[in-house]
Amino acid sequence: MPDRTTTPTPPSTPPATGGPTAPVVPAWADVDLDAVAANAALLRERAGGAALMAVVKAEGYGHGAVPAALAALEGGATWLGVAHLDEALALRAAGITAPVLAWVLVPGQDTTAAVAAGVDVSASAPWAVDALAGAARRTGRTARVHLKVDTGLSRGGATAHDWPDLVRAAAAAQAEGAVEVVGVWSHLASADDPAADALTHRQADRLEEALAVAAGLGVRPPLRHLANSAGVLAHPRTRLDLVRAGIAVYGVTPSPVRGSAADLGLVPAMALRARLSLVKEVGPGEGVSYGHQHVTAARTRLALVPLGYGDGVPRHASGTGPVLVGGRRHPVAGRVCMDQVVLDLGDDAAARAVRAGDVVELFGTGADGGPTAQDWADAAGTIGYEVVTRLGARVPRRYSGAVARRHGLDVAGSAAAQVLP
């Protein structure tokens, strides 16, 4: 287990990860890699006898793919998952040798580098098996394939009608020695919703049926995998040989209706912070931001936060998105702009104590009373996944914790590691 004895930095002061060598920037995201490792350890425990795949697609849901992968592996993950081949190859280029599964492939895409690098690739149709077998012949290395069956999401995967043809293609390529069928898998549609538990069980039934068909055609892979984050936490039947956890690895609840991150034992790994660029006093009746959707009710102090929808702050959270300033929450006043948002602080003693340069927090662990990513998701009418994943490259990531120090990713150890991509 990672060291969790450090105390989170209060949002009213600059983050300890900055240290004397960190540049002063308008905004940044603090990423606690020990939290990622702790979440992975929890999920590995909840998975029972199943192995854990930590999904690090989309730059580790905005946290940084390589740092998140290193932390998750320290926490007990033995597999990594990504969407695209290039994401898998980036992990290999960083020196990560753990098994990696990539599941987005299009006709005509070159799979040679992925097969040569030992990347596992998903196949939903015979043409994908043929492409991977061709890459195996070119490289002299057996392609590792996971056959995907559609059990009810109606997204990737072969339908029940097309499944036998996919299995036959894989069996032929495996007999040739070009392909090794490592796994059969599917993806849950509504594991986060207790009202859809019957659908989750139906998907598990359909996967079992697909496995029986595959066995009848001579394909018996060592790995079966179905569970996502919500499946790991709420559906023991779906855990099988391997589980694929994504958002829960980063400490965001996969199912607000089933419980908050804290309820589920998860620790949010990211805190989005900024320094106020301006604080000014205005009178009553002043319109704020585009369209004047917010008008000051009395003399007040307005604070300018240098983050906007260009950085990933949801515009749909205009007028509602919470920001922690001096220990108090304030909603965004008026519309979220591309690069900035405005806060109406009021005119009491606490508001008058706020100064330009003070550090504010848009979301974090919530342990100090501040907002969480889920709070922003609720304000914007979206999901926590989107809030953390959409955070843009203009926002530096600053890594902290024992895991970061061991890999030279803390700010003092590697300034280059602060920025994505």
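The values are calculated or read from the model by the stated rules, or taken from the named source; none is laboratory data. Bear in mind that the values here come from a model prediction, so they are computed numbers and not experimental data. Neighbour counts are summed over all protein chains in view; Cβ atoms, including those assigned to glycine, are modelled from backbone coordinates with ideal geometry.
A few points about this structure:
- Near pairs, Cβ below 6 angstrom, 6+ apart or cross-chain, from region 295-319 (more than 18 Å from residue 277 (Cα to Cα)) to any residue that is basic (Lys, Arg): 312/390; 318/335
- Among residues that are in a strand (DSSP E or B), closer than 30 Å to residue 50 by Cα and in contact (Cβ under 8 Å) with a residue 40 or more places away in the chain, residue 279 is not included.
- Residue in region 243-266 that is crowded, with 17+ Cβ neighbours inside 10 Å and basic (Lys, Arg) present: yes
- Flag if residue 163 is in the same structural domain as residue 55 (by TED's automatic domain parsing), at pLDDT 95 or above and touching a His at 6+ places or on another chain (Cβ under 6 Å): no
- Pair list, Cβ under 7 Å, 6 or more apart: region 154-171 residue closer than 19 Å to residue 200 by Cβ, other residue among the aliphatic types (A, V, I, L, M): 157/149
- Taken over region 160-195, the criterion of being in contact with a strand residue (DSSP E or B) (Cβ under 6 Å, 6 or more places away or on another chain), among the aliphatic types (A, V, I, L, M) and farther than 23 Å from residue 140 by Cβ is satisfied by 166, 184.
Residue-by-condition table, conditions (1) farther than 19 Å from residue 103 by Cα; (2) surrounded by 18 or more Cβ atoms within 10 Å (Cβ to Cβ):
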residue: 131; (1), (2): no, yes
residue: 155; (1), (2): no, no
residue: 185; (1), (2): no, yes
residue: 191; (1), (2): yes, yes
residue: 201; (1), (2): yes, no
residue: 220; (1), (2): yes, no
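- Remark: residue 329 matches the filter, which requires a residue to be assigned to a strand (DSSP E or B) and farther than 13 Å from residue 302 by Cβ.
- Of the residues making up region 330-382, those that are among the small types (Gly, Ala, Ser) and in contact with a Leu (Cβ under 9 Å, 6 or more places away or on another chain) are 333, 351, 356, 357, 364, 369, 370, 373.
- Exactly one residue out of 37, 50, 22 is farther than 16 Å from residue 67 by Cα and at pLDDT 95 or above: that is 50.
- Of all the listed residues (199, 105), the sole one being hydrophobic (A, V, I, L, M, F, W, C) and more than 17 Å from residue 231 (Cα to Cα) is 105.
- Total residues in region 233-266, condition over 16 Å from the mean Cα position of the chain (by Cα) and either assigned by TED's automatic domain parsing to the domain that holds residue 197 or not in a loop (DSSP other than H, G, I, E, B) (or both): 10
- Here residue 338 clears all of (1) more than 25 Å from the chain's Cα centre (by Cα); (2) loosely packed, with under 15 Cβ neighbours inside 10 Å except the condition numbered (1).
- Residues in region 111-150 that are farther than 20 Å from residue 165 by Cβ and without any contact (Cβ under 8 Å) to a residue 24 or more places away in the chain: 140 alone.
- Some residue of region 51-59 being more than 14 Å from residue 244 (Cα to Cα) and either crowded, with 23+ Cβ neighbours inside 10 Å or of a type in the set (D, E, K, R) (or both): yes
- Of the residues making up region 39-58, those that are in a helix (DSSP H, G or I) and within 15 Å of the chain's Cα centre (by Cα) are 39, 40, 43, 57, 58.
- Residue 276 within 18 Å of residue 305 (Cα to Cα) and within 17 Å of the chain's Cα centre (by Cα): no
- Boolean, residue 227 is over 15 Å from the mean Cα position of the chain (by Cα), outside any helix (DSSP H, G or I) and within 25 Å of residue 404 (Cα to Cα): no
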